[in-house]
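Laboratory data are not the source of any read-out in this text; all were calculated from the coordinates shown. The model shown is predicted, which means the values in this text are computed figures rather than measured ones. Neighbour counts run over all protein chains shown; Cβ positions are idealised from the backbone, glycine included.
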Amino acid sequence: MNTETIKTLPGLLKRNAREFGTQKAALREKEFGIWQSASWQDYFDRVRFLALGLLQLGYTPGDKLSVIGDNRPEWLYSELAIQALGGAVVGIYPDSHLEQVQYIIDHSDSAFVMVEDQEQTDKILNMIDEIPKIKKVIVDDMKGMRSYSHSVLIPFKEVLDLGREADRKDPRLFDRMLDQVGEEDVAMILYTSGTTGQPKGVMLTHRNMIRMIANFDQVDPAYPADNHVSFLPLPWVGEQATAVAWNLFKGVTINFPEKVETVSADIRDIGPNLLLAPPRHWEKMCSDIQVKIQDAAWFKRFLYKRCMPVGYRMAAYRLQGVRPGTLMTLLDKICYLLLFRALKNYLGLTNLRNVYTGGAPIGPEVFNFFMALGINIKQLYGQTEVTGLAVGHRNDGVKLNTVGSPMPEVELQISDAGEILIRGPIVFKGYYQNEEATRKTLDAEGWVHTGDEGILDEDGQLIMIDRQKDVMRLGDGSKFSPQLIENKLKFSPYINEAMVVGKDLPYIAALIIMDMGNMGKWAENHKLTFTTYTDLSQKPEVYDLIAEEIRRINQSLPKVARVKRFVMLYKELDADDDEMTRTRKLRRGFVAERYANLIRALYEDREELAVESEIRYQDGTGFTMKTQVRIKEVQETP
């Protein structure tokens with residue numbers, strides 16, 4: 001590709017349209033079971049017309065456009081269109097409840113909102129009086145909205161038509177607007193997960209995004225022939241890095257699944273070359289495989305039992321930089337033909353070359369599992385404030401207990417207090433309308449104070465321990481990382497989520513959230529009847545199974561870090577209840593406060609507790625749940 005210096009994201013799009021034209025797919029979307037393609041010229045034309053349409057609707061310099069909806073080409077068209085005018089895109093998670101949507105639109109001063117369909121339109125119309133700065137709400141899919149007549153609404157296609165007419169009258173207008181956009185202009189405002197309060201709007205510039213992906217691409221290059229499946233939410237900086245920055249920087253083709261329920265099948269269909277996913281994705285995939293193997297025919301179980309140790313041995317060789325002997329190499333090839341190839345094909349991972357986990361540390365057991373299958377998974381570390389991808393493994397330097405070394409142009413140091421500090425061209429411009437928070441995070445020398453505790457090993461690789469505020473000490477002063485223990489617990493196919501407690505207390509205990517799909521399958525196989533999630537979670541047999549899982553996991557932990565007592569939570573942790581962020585991070589402080597009675601009971605001499613809890617839905621409605629919850633002690637291994 002042409003390596004000329006281009007300083008904005010829409011500028012990269014214009015270059016790609018010039019170089020690839022109609023000869024290569026830029027975006028694909030599956031509709032009615034068929035992949036529909038948009039060439040680079042199509043992509044550029046839609047962005048151009050949409051940008052000019054926004055001008056006709058009253059765009060003024062610096063306006064923001066909020067987007068709420070699933071990952072689709074129209075998401076990217078909207079993002080690049082507002083950026084081409086010098087404005088910024090604001091991403092909103094499509095499953096956000098009304099208060100979150102209203103807060104982000106209002107706080108970001110958005111002038112336009114792009115919504116996917118009737119469901120998202122209704123959200124906006126229900127709060128339209130509380131967001132008076134909105135000029136227009138642009139609706140992509142008007143299905144079911146024939147009777148909608150609010151003056152703020154305008155179909156996406158009409159905006160494109162306005163842009164086409166403006167382009168016909170003045171063919172150079174778009175280029176003049178684009179030429180005025182600079183690399184230090186804010187390209188996007190991405191709201192943090194808000195684990196400790198209201199989310200903050202992180203302002204990232206065109207320079208941030210382009211330098212981030214240019215430096216990352218030096219370490220792990222992508223190619224125009226590569227495919228990526230965009231199934232993680234675009235308001236997350238990791239998906240912006242792949243579906244937007246890498247797509248534009250290297251001409252990677254982005255594929256959008258038909259719907260959330262078909263993601264796994266669509267990944268198998270495409271066979272992507274690039275894949276970035278948070279730990280929860282890999283943990284779930286690992287759990288599903290383990291459960292399916294248990295239910296498989298005896299021969300498949302036999303192959304799994306014989307081949308996985310070979311895979312683990314080969315993974316150990318790769319991690320140690322040791323060349324395997326002839327016999328092990330032969331056994332690995334046999335196991336690949338008999339098992340690993342089929343598993344990778346089933347998961348849609350056969351063509352993967354660049355595969356990563358990021359957003360939070362992943363448990364070594366899960367990491368090892370995928371390496372045993374021959375998948376070259378690598379850990380990445382970063383935050384929205386440093387444009388997502390700041391630290392990562394190299395192909396020849398993967399270590400289980402580290403997250404890799406800094407990317408080119410990225411400086412990293414550990415403060416005297418053990419905090420990870422990062423500096424470089426990827427550092428954000430500040431928090432939108434929050435100078436106080438900006439000063440706390442970004443110091444006068446340009447260092448971002450991440451709030452994470454870490455150390456550097458002898459090879460200069462970063463060991464990320466935990467959030468500084470989350471590292472705990474028991475009553476006797478023994479220090480432990482809750483995240484480390486939780487990651488090990490989540491390797492069990494029956495545990496979906498876990499929260500470890502024990503700060504200033506005599507021992508470690510845990511709130512366990514079961515994996516309903518895998519636990520339900522286990523219950524059916526053992527002829528255990530149940531009605532609801534709550535009912536199944538409190539079965540004595542389920543407690544016995546989880547106690548045995550924890551006992552087994554405890555053996556791999558230091559004595560001080562072992563879980564002594566646990567409770568099965570009667571509901572799944574949910575972002576709608578503010579217990580998780582939209583990126584599936586635990587809001588530890590909120591959960592600890594909400595379930596304080598359960599946590600107290602874990603340290604009292606009791607085996608049962610009556611509880612009631614308020615459950616909230618996306619639309620703001622809810623109900624009160626009442627139930628009896630068991631508490632169980634984990635027996636030590638003899």
If you take the beta carbon distance between Leu98 and Glu541 as r and set R0 to 45 Å, what does 1/(1 + (r/R0)^6) give as a FRET efficiency, to the nearest 0.05?
0.65
Please determine, in degrees from 0 to 90 and to the nearest 10, the orientation of helix 73-84 with respect to the longest principal axis defined by the Cα atoms of the chain, where the helix direction is its Cα long axis.
60 degrees
Can you work out the FRET efficiency for the pair Val152 and Val611, with r the C-beta to C-beta distance and R0 = 60 Å, to the nearest 0.05?
0.85
Any number yet on Rg/Rh for region 298-342, C-alpha, Kirkwood?
1.00
Using the Kirkwood radius built from alpha carbon pairs, what does the Stokes-Einstein equation give as D for region 254-392 at 20 °C and 1.002 mPa s, in µm² per second?
133 µm²/s
proj_area_mean for region 177-308 (convex hull on C-alpha atoms), units nm², value 12.1 nm²
Taking N as the residue count of region 42-87, its alpha carbon Rg divided by 2.2 N^0.38 Å gives 1.06
From the gyration tensor of the Cα coordinates in region 324-405, what semi-axes in whole Å does the equivalent ellipsoid have, largest first, with each one equal to sqrt(5λ)?
28, 14, 10
Taking only the Cα atoms of region 139-213, how large is their convex hull per residue, in Å³?
192 Å³
List the extent of the Cα atoms of region 339-474 along each of their three principal axes, largest first, rounded to whole Å.
55, 36, 27
Debye calc, one equal point scatterer per Cα of region 266-306, no solvent, log10 I(q)/I(0) at q = 0.35 1/Å comes to -1.07
Nearby lysines by direct alpha-carbon distance to Lys626 (threshold 24 angstrom, same-chain neighbours under 8 apart not counted)
Lys539, Lys571
So if each residue of separation counts as 0.36 nm, and I subtract the Cα-Cα distance between Asp170 and Lys300, what length gain in nm does that give?
40.2 nm
In region 96-185, the trypsin sites (Lys or Arg not before Pro) that sit in a DSSP loop and have at most 11 other Cβ atoms within 10 Å of their own Cβ are Lys143, Arg146, Arg172
Taking the Cα-to-Cβ direction at Gln180 and at Leu327 and moving 7 Å from each Cα, how far apart do the two end points lie in nm?
7.4 nm
Efficiency of FRET from Cβ geometry, Thr624 and Tyr346, R₀ 35 Å, rounded to 0.05
0.25
Using only the alpha carbons of region 1-83, determine the length spanned along each of the three principal axes and report them from longest to shortest in whole angstroms.
38, 36, 18
Scattering profile of region 1-149 from the Debye formula, Cα beads only, expressed as log10 I(q)/I(0) at q = 0.11, 0.12, 0.16 Å⁻¹, is -0.45, -0.54, -0.91
Could you list the square roots of 5 times each eigenvalue of the Cα gyration tensor of region 239-318, that is, the equivalent ellipsoid semi-axes, sorted largest first and rounded to whole Å?
31, 18, 11
The answer for Gln36, listing residues at least 5 apart or on another chain whose modeled amide H is closer than 5 Å to its amide H, is Glu29, Lys30, Glu31
Grab the Cα-Cα distance for Asn434 and Arg584, subtract it from 0.36 nm times how many residues apart they are, and report the gain in nm with one decimal.
51.5 nm
Express in % the proportion of alpha carbon pairs of the chain at distances exceeding 36 Å.
41 percent
Helix 298-320 versus the longest principal axis of the chain: what angle, 0 to 90°, nearest 10, using Cα atoms?
70 degrees
Taking the simple approach of a point 7 Å from Cα along Cα-to-Cβ for both Asn401 and Thr262, what is their distance in nm?
4.6 nm
Counting each DSSP H run of 4 or more residues in the chain as -39500 (n - 2.57), what helix-only mean residue ellipticity at 222 nm follows after dividing by all residues, to the nearest 500 deg cm²/dmol?
-10500 deg cm²/dmol
For region 481-541, build the convex hull from the C-alpha positions and give me its volume per residue in Å³.
88 Å³
How many lysine pairs are close in region 290-402, with Cα atoms under 20 Å apart and the two 8 or more places apart or on different chains?
10
Can you give the Rg to Rh ratio for region 198-272, taking only C-alpha atoms and Rh from Kirkwood?
1.01
Counting just the Cα atoms, what span does region 394-446 cover along each of its three principal axes? Round to the nearest Å and put the largest first.
42, 24, 17
If you wrap a convex hull around the Cα atoms of region 78-201, how much volume per residue is inside, in Å³?
114 Å³
For region 497-591, would you read off the P(r) tail past 15 Å as a percentage of all alpha carbon pairs?
65 percent
Cut-off under 28 Å on the C-alpha distance; same-chain residues fewer than 8 positions from Lys143 excluded. Which lysines are left, in chain and number order?
Lys30, Lys64, Lys123, Lys133, Lys135, Lys157, Lys259
